[in-house]
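The values are calculated or read from the model by the stated rules, or taken from the named source; none is laboratory data. For clarity, every value in this text was computed on a predicted model and none was experimentally measured. No Cβ is skipped: glycine too gets one built from the backbone with ideal geometry, and neighbour counts run over all protein chains shown. These area figures cover heavy atoms from the full protein model, side chains too; ligands, DNA and RNA do not enter into them. Shrake-Rupley method; radii C 1.70, N 1.55, O 1.52, S 1.80 Å.
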Amino acid sequence: MPPILPGAEPFRRDGSATGVLLCHGFTGSPQSLRPWAEDLAAHGLTVSLPLLPGHGTRWEDLALTSWEDWYATVDRELRLLRERCDEVFVCGLSMGGALALRLAALHGEAVRGVTVVNPAMTFPRLQGYAVPVGRFLARSVPGIVDDIAKEGRHELGYDRVPTRAAYALRNFFRVAQRDLPKVTQPLLLLRSRTDHVVPAGDSALVLGRVSSTDVTETVLERSFHVATLDHDAERIFADTRGFIDRLTAGQEPVTTVRSARDGA
């Protein structure tokens with residue numbers, strides 16, 4: 001097995017009977033969610049942030065995996081958390097948001113609530129037409145990393161995307177979209193006003209198709225795609241803690257849209 005890049009290691013911490021599973025994005029690594037995971041762990045929660053197969057090593061390794069491998073990893077982590085925790089929440093960034101939503105769709109009451117940040121749910125149309133054939137013509141294409149507004153912050157991810165993995169991602173998004181109506185759990189969705197990786201329509205798609213009645217949408221005004229490492233990171237952490245605290249305390253459901261700038 002190739003060595004894991006420094007900083008891309010999975011993160012696990014035992015805590016209370018409330019567990020949280022965090023899912024990182026496509027071509028990324030746990031590094032992009034590590035501060036989020038550490039914040040939750042510091043507040044006493046049991047936290048799991050796995051490394052998805054093919055990630056955190058070399059981009060060539062990603063070409064040897066499928067979306068079923070990525071999903072199987074988070075599915076296994078959820079089951080492990082359920083063995084030791086009374087309640088489990090799932091969270092995700094970008095493609096990790098799609099993974100989290102599918103976990104909620106398929107596991108039902110085993111998932112207490114869902115938090116997603118800039119969830120990715122669609123594949124660019126033109127590339128979608130090209131990738132089924134293109135994967136046989138080119139091994140990789142340029143990747144997108146470091147979509148961060150805050151100076152000095154860096155995302156640990158691949159600068160190349162294997163075309164075979166891109167094809168797998170396209171297929172996963174189709175499956176994840178199909179399952180959205182099965183999501184009934186309370187949902188906290190945070191999206192950046194400016195995102196150069198995932199279109200705003202992806203968040204609208206999630207909000208329009210899930211069956212959740214307890215929904216909070218927060219617009220992040222100062223961050224780009226990797227908001228968990230950006231200016232609004234602390235807001236994401238605080239909102240997630242508040243969301244979990246509210247649900248574990250059995251408080252009434254809400255449906256609201258907020259802006260991170262107004263402090264609401």
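With protein chains left intact and a 1.4 Å probe, residues in the chain average 43 Å² of accessible area per residue. Under 5 Å between amide hydrogens, built in the peptide plane, is the criterion, and for CYS23 it picks out CYS91, GLY92, LEU93 among residues at least 5 positions away or on other chains.
Taking the Cα atoms only, what angle lies between the long axis of helix 125-134 and the longest principal axis of the chain, rounded to 10 degrees? Approximately 50 degrees, to the nearest ten. For VAL161, the residues 5 or more places off, or on other chains, whose built amide H falls under 5 Å of its own are VAL141, GLY143. How high is the FRET efficiency from ARG84 to THR194, r the C-beta distance, R0 41 Å, rounded to 0.05? Efficiency at R0 = 41 Å is approximately 0.55. Accessible surface of the chain, 1.4 Å probe: 52 percent of it comes from carbon and sulfur atoms. If the segment from ALA238 to THR184 were pulled out straight at 0.36 nm per residue, it would be longer than the present Cα-Cα gap by 17.1 nm. Taking 20 °C and 1.002 mPa s as conditions, the chain diffuses translationally at an estimated 118 µm²/s according to Stokes-Einstein applied to its Kirkwood radius (Cα pairs).
Taking packing as the residue-averaged number of other Cβ atoms within 10 angstrom, the listed peptides 236-244, 146-154, 100-108 run from highest to lowest as 100-108, 236-244, 146-154.
Here the simple spin-label model places points 7 Å from the Cα toward Cβ, and for LEU106 and VAL141 these points are separated by 2.6 nm. In this simple spin-label approximation, ALA72 and ALA204 carry label points 7 Å from Cα along the Cα→Cβ vector, and these lie 3.7 nm apart. Relative to the longest principal axis of the Cα atoms of the chain, the long axis of helix 233-248 makes an angle of roughly 50 degrees.
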